[in-house]
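J.: Below is one structure. I have some questions about it.
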Amino acid sequence: MSRVQRISTVLSQLMSRRGYASVVAAEQQMDAIRNVVGESLASQIRIGRLRSGSLEIIVADSVTMQELTFQERQIVRRLADMTPEITIKRLRMKVGQVSGEF
């Protein structure tokens, strides 16, 4: 006999298994970063993983990385204000592919 489950529980499990929650979190982080650094810099970056308080950011080039490095403290503070449910202590940046097919 099957066990009856709440729809919210089933949806939560499905989102977790399929990785939808991480996609939504990445979109929220990208929106927050766009608000913090502006559209011109945001178009040059892609959000990676969040591990142990370090948010990985892939940047298009070393110039963008340098600019973000100068602003890192301010960015982390503003991200903490905008997304209190996500703990970000530092940014970890690396140059890589930002847009297009992988």
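J.: Rounded to whole Hz and in sequence order, give me ³J(HN,Hα) for the range 49-63 from the Karplus expression 6.51 cos²θ - 1.76 cosθ + 1.60, θ = phi - 60°, writing x for Gly and Pro.
T.: Calculated HN-Hα couplings, in order: 8, 10, 10, 6, x, 9, 8, 7, 10, 8, 10, 6, 7, 5, 5 Hz.
J.: Using label points projected 7 Å from each Cα along Cα→Cβ, tell me how many nm separate Arg51 and Gln74, to one decimal.
T.: If labels sit at Arg51 and Gln74, their model points lie 2.9 nm apart.
J.: Return the FRET efficiency for the residue pair Arg92, Thr9: r is the Cβ-Cβ distance, R0 is 30 Å, and the value is rounded to the nearest 0.05. Intermediate results must be reported in sequence, preceding the final value.
T.: Numbers: r = 34 Å, r/R0 = 1.14.
Using R0 = 30 Å, I get an efficiency of 0.30.
Quick note: the coordinates plus some simple rules give every number you see, no bench work behind them. In this text the structure is predicted, and so the values were computed from the model without any measurement. FYI the Cβ positions are ideal-geometry reconstructions off the backbone, even for glycines, and counts take in every protein chain you see.
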